[in-house]
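Since the structure comes first, as structure tokens, the remarks are kept for the end.
Since every read-out is calculated from the coordinates, none of them should be taken as a lab result. Bear in mind the structure is a predicted one, so any value in this text is a computation, not a measurement. When we count neighbours, we look across all protein chains shown, and the Cβ atoms used for this are built from the backbone with ideal geometry, even at glycine.
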Amino acid sequence: MASTHVKRAFKYRFFPTDVQAAELSRTFGCVRKVYNMALAARTEAWTRQERINYNQTSAMLTAWKKTEELAYLNEVSSVPLQQVLRHLQTAFANFFGKRAKYPRFKSRKKSRRSAEYTTSAFKYRDGLLTLAKMKDPLAIVWSRPLPQDAQPSTVTVSQDSAGRWFVSMLCDDPTVMALPPVSAAVGIDVGLTHLATLSTGEKITNPRHERRDRARLALAQRRLAKKAKGDGANRAKARREVAKIHARITDRRRDHLHKLTTRLVRENQTLVVEDLTVRNMVKNRSLARAISDAAWTEFRTMLEYKAQWYGRNVVAVDRWFPSSQLCSNCGALAGKLPLNVRTWTCGGCGATHDRDTNAAQTLLAVGLAVTACGAGVRPQRRTPGGQPAVKQENPRREP
């Protein structure tokens, strides 16, 4: 097995002292301030049909620090402030490349609180991480070890809406090994009743994490709604209670998806999925909550980057391919099938199909076809692993 030497981020929770928490909070505020001021400057220049790059905003930052009004920017490490200007440059590059929307201003309450440190602004030695402007190392809970002899290239400190502190260390991980090739391949049809149905006939139950905590969440949200609006301590406490429930739901969902995707990638050489546009599907008010809870986009993202790590292939079939309507036995098209029809009998060969299993088997067949020769399909986009998404020449919309 060959090593792939990938960059991996290792995220840990830590518990700062009062002094460290105050220092990090100041840093978050300064990072947000610099980002918003640089974005405002670039936006103003854009209205004049001019462009400002990173070097120009960096020079602006130097000038801002010399003013009496913004002198407090000198009290925190300069590295996170420079890094946020680089992130803004990347955001504009993505905007001009039509890969993202125009950058938005950061909100004090709603935006993510984070700061990124490069190697010149932290010291990592013998399992101890010390950030710039701090005397003591962070009290990190090492839930798993870093790769042997690993030295982080960047460290990102963040605080979520539930008040938890996290540190993420980006390292070159030589321990990621390409798995031995296997002959197995699987088609995966995602759903709501079952999170995933495999072409082997296995059905993976949807845990519905949000539904399990819906009553607690609704109670916490009602309590928050009754608090007087403003920056009061009682409202902040109620807001944190809501955030803690959301964080619990998110953590459990992500843990389940990690275990599932790791198993699928280890057991199969080729994985075929459907290229769904989840952002459009959640516009359906009846299904939006259930679709969001299923996290189909996160499921596919995990499959793709893990397949890239371990030498597997992910093939995405066009969203309009009639996988549920096409008989996996003879290829006959059944026509329109309402969503409440879970089993159907093929009029061509007489085979009786479970809707989801048949869809997974059909996806597998067309995915293997494009992998082998590309017959009858054309590439739509490429996954991170390099495999094209496939599109039927004359697709029919599936109900």
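How tilted is helix 78-96 with respect to the longest principal axis of the chain? Cα atoms for both, answer in degrees (0 to 90, nearest 10).
Around 40 degrees separate the two axes.
Could you give log10 I(q)/I(0) at q = 0.19, 0.31 Å⁻¹ for the range 82-140, computed by the Debye formula over C-alpha point scatterers of equal weight, without solvent?
Scattering profile of the range 82-140, log10 relative to I(0): -0.83, -1.24.
Pop the C-beta distance of Asp231 and Ala45 into the FRET formula with R0 = 25 Å and round what comes out to the nearest 0.05.
On the way: r = 34 Å, r/R0 = 1.35.
Rounded to the nearest 0.05, the efficiency is 0.15.
Taking 0.36 nm per residue of sequence separation and subtracting the Cα-Cα distance, how much length would be gained by fully extending the chain between Ser168 and Arg99, in nm to one decimal? Present the calculation step by step, with values, prior to reporting the outcome.
Details: separation 69, 0.36 × 69 = 24.84 nm, distance 2.55 nm.
Gain on extension, Ser168 to Arg99, equals 22.3 nm.
Can you give me the long-range amide H partners of Thr200? Hydrogens built in the peptide plane at 1.01 Å from N, cutoff under 5 Å, separation of 5 or more residues or another chain.
Gly187
Percent relative contact order of the range 43-108, based on C-alpha pairs within less than 8 angstrom and at least six residues apart? Mind showing how you got there, number by number?
Working: 26 pairs, mean separation 14.3, N = 66.
Value for the range 43-108: 22 percent.
Per residue, what volume in Å³ does the Cα convex hull of the chain take up?
Spelled out: Cα convex hull of the chain, divided by residues, is 187 Å³.
For the range 225-233, just list the computed ³J(HN,Hα) in residue order, Karplus coefficients 6.51, -1.76 and 1.60, θ = phi - 60°, integers in Hz, with x standing in for Gly and Pro.
Those phi angles translate into 5, 7, 6, 5, 5, x, 9, x, 5 Hz.
So what J values fall out for the range 50-56 if you push phi through Karplus, 6.51 cos²θ - 1.76 cosθ + 1.60 with θ = phi - 60°, rounded to Hz, Gly and Pro as x?
10, 10, 10, 9, 4, 4, 5
As an exercise, use a Förster radius of 30 Å and the Cβ-Cβ distance of Arg8 and Ala288 to find the FRET efficiency, rounded to the nearest 0.05.
The computed FRET efficiency comes out at 0.35.
Which loop-located chymotrypsin sites (Phe, Trp or Tyr not before Pro) does the range 99-144 contain, where loop means any DSSP state but H, G, I, E or B and the Cβ has at most 13 other Cβ atoms within 10 Å?
Here the chymotrypsin sites (Phe, Trp or Tyr not before Pro) that fit, given the DSSP loop and packing criteria, are Phe105, Trp142.
Which order do the peptides 207-218, 270-281, 173-184 take when ranked by the mean count of other beta-carbon atoms within 10 Å per residue, highest first? All intermediate terms of the calculation are to be shown ahead of the outcome.
Values: 207-218: 15.3, 270-281: 18.1, 173-184: 12.5.
Output ranking for 207-218, 270-281, 173-184: 270-281, 207-218, 173-184.
Per residue Cα convex hull volume for the range 278-324, in cubic angstrom? Don't skip to the answer; put the middle values down first.
Details: hull volume 4.4 nm³, N = 47.
About 94 Å³ per residue, rounded to a whole number.
When only Cα pairs under 8 Å and 6 or more residues apart are kept, what is the percent relative contact order across the range 78-215?
14
Could you tally the net charge around Glu267, taking each other residue with its Cβ under 13 Å from the Cβ of Glu267, Lys/Arg +1 and Asp/Glu -1?
My count for the surroundings of Glu267 gives +4.
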